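I have placed the structure first, in the form of C-alpha cells, so that the comments after it can refer back to it.
The values are calculated or read from the model by the stated rules, or taken from the named source; none is laboratory data. Only a predicted model underlies this, so the values are computations on that prediction, with no experimental measurement involved. Cβ placement follows ideal geometry from the backbone for every residue including glycine, while neighbour counts extend to all protein chains displayed.
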Amino acid sequence: MSNLDELIRAAKASFIEIDAAYQSSDINEKLVMAETRNKAADQLVTLQAKRLIQNASAITDADITEMKNLKDRIDDAAQIQTALLQFVGLLAKFVG
C-alpha cells in the first residue's frame, strides 16, 4: 500500500472519530467549529480525488502516524477544534 493510500485510510478513520465528537457537541460549540469541520471534510474529499497527486511521494510515515493519532485526542470541544485544525493543517500539505 502506498503512503498516499495509507494517509487516506488514516484520514478517513480520524475524520470519522473527530466528526462523531463534533456531531455530539452542543450547538454553540458546533457554530464555533463548523467552518473548520467543513474545511476538513472538503480536504478529505479532495485528497481522495487526487490519488495521483504530484507530491504523494512526500507523504512520510510520520504524516501517517500523526493522522492516526488525531482521533485519540478528542475529549472536549477544545480538543475537537484542535484536532480539526491539525487535520486541516496536515492535509493542506497535500491538497493545497
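Considered as a group, the residues in the stretch 72-93 that are in contact with an Asp or Glu (Cβ under 7 Å, 6 or more places away or on another chain) and at pLDDT below 85 include one that is nearest to V45 (Cα to Cα), and that residue is I74.
Checked against (1) part of a loop (DSSP other than H, G, I, E, B); (2) buried (at least 20 other Cβ atoms within 10 Å of the Cβ), A10 passes all but a single condition, namely (1).
If you go through the stretch 64-87 one residue at a time, how many are in a helix (DSSP H, G or I), without any contact (Cβ under 8 Å) to a residue 60 or more places away in the chain, more than 13 Å from L7 (Cα to Cα) and hydrophobic (A, V, I, L, M, F, W, C)? Count: 3.
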